[in-house]
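Novice: What follows is a single structure, and I will ask about it in a moment.
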Amino acid sequence: MDYFIDFETHSEVDVRDVGPHAYARDPTTGIIILGWAAGEGPVRIEKPPMARLPFRFNPREDRLISHNIEFELAIIKQFFPEEKIPFSKVYDTAALSVHAGLPSSLDEAGESLGIANKKIKFNWKDYTEEQLFEYCRQDVKACRELFRKLPEMTPRERQIFIAHLIINFR
């Protein structure tokens, strides 16, 4: 099964300043919601508290897919340390986009490929809960559609991608 995920989080630190690992470990960081979909199924929204991920990841059969997967993996490592997801089973649509010669941002890569599920603009300073849910749902849909349209990495490029994750999670 392919699982597509997107965490929306809050923190007093900016992930762009400190990176995903320091951001996830910061004591002010928390999960607002998790958007996820199993295969082509509906996007579900989960709110804390969550004792574990809302789906059972089978490392022999499943794949975990996100846009900028290193962020999601850092959040999983911090908030769900019992979850063991092998790097060989994760896929990053940002990395796949760059591999295909496209921009790395979800909206620009999606526009380049003409996906129907567009990333929506969001006002992080003033929003309702339902607006946040819709933003997250749409990100998951856009990631899923983008993943289905992007070419796979070569085996060598895939090895380099996994090595990058191993190094960054040491």
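Novice: Given the rule -39500 (n - 2.57) for each run of at least 4 DSSP H residues, summed and divided by the residues of the chain, what is its mean residue ellipticity at 222 nm, to the nearest 500 deg cm²/dmol?
Specialist: Taken over the chain, the calculation gives -13000 deg cm²/dmol.
Novice: Once R0 is set to 45 Å, what does the formula 1/(1 + (r/R0)^6) return for the Cβ-Cβ distance between residue 47 and residue 156, expressed as a FRET efficiency to the nearest 0.05?
Specialist: Efficiency, rounded to the nearest 0.05: 0.65.
Novice: OK, next. Given R₀ = 35 Å, what would the calculated FRET efficiency be for residue 127 paired with residue 1, taking r from the Cβ atoms and rounding to 0.05?
Specialist: So, using R0 = 35 Å, E works out to roughly 0.65.
Novice: Related question: Starting from the residue with the highest accessible area, list 153, 1 in decreasing order, probe 1.4 Å.
Specialist: Descending order: 1, 153.
Novice: Go ahead and set up a Gaussian network model of the chain, Cα springs under 10 Å, then flag whichever of 139, 92, 14 fluctuates most.
Specialist: Its mean-square fluctuation being the largest, the pick is 14.
Novice: Provide 55, 169, 79 ordered by accessible surface of protein heavy atoms (probe 1.4 Å), highest first.
Specialist: Ranked list, largest accessible area first: 79, 169, 55.
Novice: Can you tell me what share of the DSSP beta bridges in the chain is antiparallel? A percent to the nearest 5 is fine.
Specialist: Within the chain, antiparallel bridges account for around 65 percent of the total.
Novice: From largest accessible area down, sort 154, 93; use a 1.4 Å probe on the protein chains.
Specialist: From most accessible down to least: 154, 93.
Novice: Quick one: with all protein chains in place, what share of the accessible area of the stretch 1-148 is carbon or sulfur, to the nearest percent (1.4 Å probe)?
Specialist: 50 percent
Novice: Once you sort the root eigenvalues of the Cα gyration tensor of the stretch 8-64 as a ≥ b ≥ c, which label holds: rounded (a/c under 1.5), prolate (a/b larger than b/c) or oblate (the other case)?
Specialist: prolate
Novice: Straight-line reach from residue 121: which lysines have Cα under 24 Å away, leaving out those fewer than 8 places along the same chain?
Specialist: Partners found: 47, 141, 149.
Novice: A further question follows. What accessible area per residue, rounded to a whole number of Å², is obtained for the stretch 1-61 using a probe radius of 1.4 Å?
Specialist: 54 Å²
Novice: So, one more: What percent does the relative contact order of the chain come to when contacts are Cα pairs within less than 8 Å and at least six residues apart?
Specialist: Reported as a whole number, the value is 23 percent.
Novice: With just the Cα atoms defining each centre, how far is the stretch 3-44 from the stretch 100-158? Give it in Å.
Specialist: So the separation of the two Cα centres works out to 15 Å.
Novice: Of (i) 2, 9, 16, 19, 17, 11, 6, 4, 4, 3, 3, 3, 2, 1, 0, 0; (ii) 1, 9, 17, 20, 19, 16, 11, 6, 2, 0; (iii) 1, 8, 17, 22, 23, 17, 9, 2, 0, which is the value of P(r) over Cα pairs in 5 Å bins from 0, in percent derived from the coordinates here?
Specialist: (iii)
Novice: So, one more: If a/c stays under 1.5 just call it rounded; otherwise compare a/b with b/c (prolate if a/b is bigger, oblate if not). Do that for the stretch 121-170, with a ≥ b ≥ c from the square roots of the Cα gyration tensor eigenvalues.
Specialist: oblate
Novice: Can you tell me how the stretch 81-145 classifies by the Cα gyration tensor, rounded, prolate or oblate, using a/c under 1.5 as the rounded cut?
Specialist: Judged from the Cα gyration tensor, the stretch 81-145 comes out oblate (a/c at least 1.5, b/c at or above a/b).
Novice: Additional query: May I ask you to work out the translational diffusion coefficient for the stretch 68-112 at 20 °C, viscosity 1.002 mPa s, via Stokes-Einstein with Rh from the Kirkwood sum over Cα pairs, reported in whole µm²/s?
Specialist: 184 µm²/s
The values are calculated or read from the model by the stated rules, or taken from the named source; none is laboratory data. Given the structure is predicted, the values throughout are model-derived calculations rather than measurements. Positions of Cβ are generated from backbone atoms using ideal geometry, with glycine treated the same way; all protein chains shown enter the neighbour counts. When the accessible area is computed, the model is the full protein with side chains, heavy atoms only, and any ligands, DNA or RNA have been set aside. Shrake-Rupley method; radii C 1.70, N 1.55, O 1.52, S 1.80 Å.
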